[in-house]
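Every read-out reported here was derived from the displayed coordinates using simple, explicitly stated rules and does not represent laboratory data. These figures come from a predicted structure and were not determined experimentally. All Cβ positions, even for glycine, are placed from backbone atoms using ideal geometry, and neighbour counts span all protein chains on display.
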Amino acid sequence: IDLGDEEWCDFLACWIIGTYFHRMFESYPYVFLHGNVESGKTKTQTLIALLAFNGELTFNSTPAYVISAVHENSSTCCVDEAERLKESNDPSAQTVISMYNQGYKKGAFCGKKEQVGNSKRWTSKKLDGFSPKVIANIKGLEGSLLSRCMTIVMSRSANKEIRNREVSTSNPVFQTVRDKLYVVMMTKFTDVQKICADISDGEI
C-alpha cells in the first residue's frame, strides 16, 4: 500500500496494535481514509481488518449486523457505508449513525426498544458502540464525525507494482500476527496501562 508518507505506515501499525488495548482508554480515534476511486482505500481496510482486534470488513451490511458486531464483539469495524447511511430514513440506520458519532468514546450507549417475542410488551436495551472504526469514502464526512477521526488523504499510486498488488486474505501470516497480538494484550495490558497513566500531554 502506498500511503505517500512512511509516517502514516507507522501510525497505522500503532493504531492496529492499539485496537487490542482500546478498552483501557476513555476514547479511541477513528481512521478516515479519504480518496478517489482506485486510491487503495479498500485494500487498506482489508489489511487493517485482517490484523486488528476482532476485525470486520463490511460492505452493504445491514445496520443490525453492524450494531451487533460492535455491541457483542467490540469489533474493529472497517466500513464504507457512512454516506449511504446518512441518506437513509431507516430507523436502524439512524441508530448506526448515532453509534458512529458517539462510539469513539467509552460510556456512550445507544438506546433501543425491542419487542419481547410475539407479545405486546417492549423492553429497553442499551447498545455499546465503543470500538475502533475505519471509515472510507470519496465525498468526506460531516464535521462532528470528522472531528473523531485521524484523516489519511489517499491518492492513486504512481507505482504500478504497488497498485496491482493484492492482499491475500488466506495468507497464514495474518493469523500468526493476530495470535501474537492477543498474547501481547493478555500479558502486557497492565504494563501498557501504567505507561499510559504516566505519560504527560507534553510528551504526546
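Below are the figures for this structure:
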| read-out | value |
| --- | --- |
| Within the chain, percent of DSSP bridges classed antiparallel, to nearest 5 | 30 percent |
| Kirkwood hydrodynamic radius of the chain, from inverse mean 1/r over distinct Cα pairs, in Å | 18.3 Å |
| In the stretch 133-181, GluC sites (Glu not before Pro) in a DSSP loop with at most 13 other beta-carbon atoms within 10 Å | Glu142, Glu166 |
| Extension reserve of the Gln115-Ser147 stretch, reckoned as 0.36 nm per residue once the Cα distance is removed | 8.0 nm |
| Unit charges on C-beta of K, R, D, E only; dipole of the chain, Debye | 820 debye |
| Charge context of Thr42, other residues only, Cβ under 12 angstrom, K/R +1, D/E -1 | -1 |
| Ser155 paired with Ala108, simple spin-label distance in nm, labels 7 Å along Cα-to-beta-carbon | 3.2 nm |
| 25 Å Cα cut-off, lysine pairs counted over the stretch 123-190 (separation 8 or more, or different chains) | 4 |
